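Step one of this worksheet: look at the structure below.
The values are calculated or read from the model by the stated rules, or taken from the named source; none is laboratory data. Everything numeric in this text was worked out from a predicted model, so none of it was measured. All Cβ positions, glycine included, derive from the backbone under ideal geometry; neighbour counts span all protein chains shown. Accessible surface areas use protein heavy atoms only, side chains included; no ligands, DNA or RNA. Shrake-Rupley method; radii C 1.70, N 1.55, O 1.52, S 1.80 Å.
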Amino acid sequence: MEETRVAKYKKYRQSLDKKDTPVLETSKSNKKKESTEGTLNTTSTLPIDQVIDTIEEDKKQVAFLKRRTRKKILLICLFSLVVLVIIAALVWFAIVAFM
């Protein structure tokens, strides 16, 4: 009769419990050591020129968005004013025509 998975796993666990078995290091611990050494040699600071250029671009973008918003508001107000004038003209014409 063949050995079952449970029996095979039980033998495997018993073989690990023996005092003679070698202890293997995991690859994760080796990667952590290498990664910390690599990060110590690098820097995350940016050049001052690049930072200043980014700030200036942000200011330009904010100004552009403000202008675009003002333009939208102005167009909506003008459209509303034109519609209001047309409605007022129709009401005045109706009053004059039916009186």
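Brief remarks on what is shown
- Verdict on residue 76 being more than 32 Å from the chain's Cα centre (by Cα) and surrounded by 10 or more Cβ atoms within 10 Å (Cβ to Cβ): yes
- Taken as a whole, the stretch 9-23 holds no residue that is modelled with pLDDT of 80 or more, open to solvent by 100 Å² or more (accessible area, probe 1.4 Å) and within 27 Å of the chain's Cα centre (by Cα).
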